[in-house]
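Structure first, then comments.
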Amino acid sequence: MPNRERSLSSADVGHPAGPTADDLLPLVARGDEHAFERLYDVVSGSVFGLIRRVLRDQAQSEEVFQEVMLEVWRTATRFDPGRGSANTWIMTLTHRRAVDRVRSAQAASHREEHAARLDPARPFDEVSEQVSGRFEQRQVRRCLSFLTDLQRESVLLAYYQGYSYPEVASLLGLPLGTVKTRMRDGLIRLRDCMGVTG
Amino acid sequence: MRTTSVDLHTLTGAYAVNALSDTERTAFETHLARCESCATEVAELAATATRLGAAVDFPPPPHLRARVLAAAAETRQLSPHTPRLPRTRGWGRAGGLLAAACLVAVAFVAVQGTQSDRDQLAQLSSQYSRFSDLLSTPDARLVSASGPNGSTATAVVSVSRNELLFVSKDMPAPPADHVYQLWLIDADGPHSAGLLAPPSAPLVATGLSNARKVAITVEPQGGSQVPTGDALMEIALA
Ligand SMILES: [Zn+2]
């Protein structure tokens, strides 16, 4: 996590006991720039990592990253804690913007080529490679291994590659209806394995 | 042309990983606003997807930090949502749903831009509640297809209500003095379901009976009794 120490006060020592995104986002909503600085340090690695994973291109990733972080600042007032965690809110926004970029006209020309080169097994391999021993990464990896191949590929192609479900269907040679159920079944299995409650 | 047919309630997974097209997403969001079980499941699956995102974390280049913070300092934040008073706008309750980026509302805006007559607005407004009711019926199914020039069409079909809602997006303007007409096609052949004027106007068709598909044709101004042109777009309902 870059620069984390820059904005840590004594109260933050001993992360993860430091302020979480859930603590900070409501402060950000009130225009607290210092809270935004701390929120940046808490979430920027996840936000940038996901964008980079979906877009691949470094320059585009940096651009979308800045847009997303600014959108978090601008729209923090609309965050409703009753509908989910701050992390989920931020990462949902992040994924949406990354996928928007993938689907925009600029990216269109590269898509065919990209799809042709794609090995569906790759997303999982890359997750596996990047596992650095952190608990949450080990857990994601372990839980992914409980999915059927089709569930895992459907979920990961959509989430990490930004493919629509018809695109996933054509890559995997499956009927559309099958892909959409695999996505749901796969995520439900992951949810249960990770003990996510929403 | 590609047609997809799905049960709205099973779209939670595809929605949580952003795998739906724009039209499907907005239709599903309208459904979400009314369907408690889907809303709960989406919240859980979005939280699950968030774990996948966090698993690939990677630090951004350090110089972006100061840039983002400086940009934030110069950016005004959105005002928070406040409860909307009813009927503060011509749209009544449709106004509140516009904020939810509802597909149908988007189509209405397009219509509003071309029609100023108050009666028509009132009529559209009452049609609007039929749309949102239809979207929330338990057996509502979402069917979509792609058409010419990147246009898309989405139909929400409810057998129990014997109704179908049709909305198209990005349809090119019909030739001069012509209009798009929607047809319900059953074993007896095509039956007119109405005119799409303007092309993006949403349409509710009743009397689905045994219709197997809907189709759009280009017809002379005022529409035809039976289709005279080829189908530009067809959506299988089964
Ligand atoms: Zn539902």
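The values are calculated or read from the model by the stated rules, or taken from the named source; none is laboratory data. Please read all numbers here as calculations on a predicted model, not as lab measurements. All Cβ positions, even for glycine, are placed from backbone atoms using ideal geometry, and neighbour counts span all protein chains on display. Heavy atoms of the whole protein, side chains included, go into the accessibility calculation; ligands, DNA and RNA do not. Shrake-Rupley method; radii C 1.70, N 1.55, O 1.52, S 1.80 Å.
If we keep just the residues of the stretch B:33-42 that are aliphatic (A, V, I, L, M) and surrounded by fewer than 22 Cβ atoms within 10 Å (Cβ to Cβ), which is farthest from the ligand (Cβ to nearest atom)? Step through it out loud before you land on a result.
Going residue by residue through the stretch B:33-42, those that are aliphatic (A, V, I, L, M) are B:33, B:39, B:42.
Filter once more, so that each one left must be surrounded by fewer than 22 Cβ atoms within 10 Å (Cβ to Cβ): B:33, B:39.
On the way: B:Ala33: 10, B:Ala39: 8 Å.
Looking at the filtered set, the residue picked out is B:Ala33.
Residues of the stretch A:56-71 being more than 9 Å from chain B (Cβ to nearest Cβ) and either closer than 16 Å to A:Leu39 by Cα or open to solvent by 40 Å² or more (accessible area, probe 1.4 Å) (or both), which ones? Walk me through how you get there before you give the answer.
Start the filter on the stretch A:56-71 by keeping residues that are more than 9 Å from chain B (Cβ to nearest Cβ), which leaves A:56-57, A:59-60, A:63-64, A:67-68, A:71.
Selection gives A:Arg56, A:Asp57, A:Ala59, A:Gln60, A:Glu63, A:Glu67, A:Val68, A:Glu71.
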Item to complete: Determine if the stretch B:54-76 includes at least one residue that is outside the structural domain of B:Pro202 (by TED's automatic domain parsing), of a type outside the set (S, T, N, Q) and within 16 Å of the ligand (Cβ to nearest atom).
Response: no
Worksheet item: Could you give every pair whose Cβ atoms fall below 6 Å, whose first residue belongs to the stretch A:89-100 and is at the interface with chain B (Cβ under 9 Å from one of its Cβ atoms), and whose second residue is in a helix (DSSP H, G or I) and not hydrophobic (A, V, I, L, M, F, W, C), counting only separations of at least 6 or pairs across chains?
Response: A:Met91/B:Thr50; A:Met91/B:Gly53
Worksheet item: helices (runs of 4 or more DSSP H) wholly in the stretch A:129-198 with at least 1 residues that are touching a Cys at 6+ places or on another chain (Cβ under 7 Å) and open to solvent by less than 10 Å² (accessible area, probe 1.4 Å) - which ones?
Response: A:135-144, A:176-194
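Select from the stretch B:1-29 the residues that are farther than 17 Å from A:Ala158 by Cβ and within 11 Å of the ligand (Cβ to nearest atom) and write down the one among them that is modelled with the lowest pLDDT. Steps first, answer last, please.
Taking the stretch B:1-29 and keeping what is farther than 17 Å from A:Ala158 by Cβ, we get B:1-3, B:5, B:7-9, B:23, B:26-27, B:29.
Still in the list and also within 11 Å of the ligand (Cβ to nearest atom): B:7-9.
Values: B:Asp7: 77, B:Leu8: 83, B:His9: 87.
Across the stretch B:1-29, the extreme among qualifying residues is B:Asp7.
Step by step: first the residues of the stretch A:30-47, then only those that are within 23 Å of B:Val17 (Cβ to Cβ) and not hydroxyl-bearing (Ser, Thr, Tyr), then the one that is nearest to the other protein chains (Cβ to nearest Cβ). Which residue is that? Break it down into steps so the answer makes sense when it comes.
Restricting attention to the stretch A:30-47, the residues satisfying the condition of being within 23 Å of B:Val17 (Cβ to Cβ) are A:43-47.
Narrowing further to those that are not hydroxyl-bearing (Ser, Thr, Tyr): A:43, A:45, A:47.
Details: A:Val43: 9, A:Gly45: 4, A:Val47: 8 Å.
Among those that are within 23 Å of B:Val17 (Cβ to Cβ) and not hydroxyl-bearing (Ser, Thr, Tyr), it is A:Gly45.
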Worksheet entry | So B:Ser168, is it assigned by TED's automatic domain parsing to the domain that holds B:Pro220, surrounded by fewer than 18 Cβ atoms within 10 Å (Cβ to Cβ) and touching a residue at least 12 places away in the same chain (Cβ under 8 Å) | no
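For the stretch B:60-67, check the following and say yes or no: at least one residue is within 7 Å of chain A (Cβ to nearest Cβ) and closer than 30 Å to A:Leu190 by Cα.
Kept after step one, since they are within 7 Å of chain A (Cβ to nearest Cβ), are these residues of the stretch B:60-67: B:60-62, B:64-65, B:67.
Adding the requirement that they be closer than 30 Å to A:Leu190 by Cα leaves B:60.
Within the stretch B:60-67 (the criterion being within 7 Å of chain A (Cβ to nearest Cβ) and closer than 30 Å to A:Leu190 by Cα), the answer is yes, since at least one residue qualifies.
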Worksheet entry | Flag for B:Pro202 being open to solvent by 40 Å² or more (accessible area, probe 1.4 Å) and not assigned by TED's automatic domain parsing to the domain that holds B:Leu20 | no
Worksheet item: Does the stretch B:22-32 contain at least one residue that is open to solvent by less than 20 Å² (accessible area, probe 1.4 Å), part of a helix (DSSP H, G or I), facing chain A (nearest Cβ under 10 Å) and touching a strand residue (DSSP E or B) at 6+ places or on another chain (Cβ under 7 Å)?
Response: yes
Worksheet item: Which of (1) over 19 Å from B:Ala72 (Cβ atoms); (2) modelled with pLDDT of 95 or more; (3) within 9 Å of chain B (Cβ to nearest Cβ); (4) open to solvent by 10 Å² or more (accessible area, probe 1.4 Å) is the odd one out, the single condition A:Leu50 does not satisfy?
Response: (4)
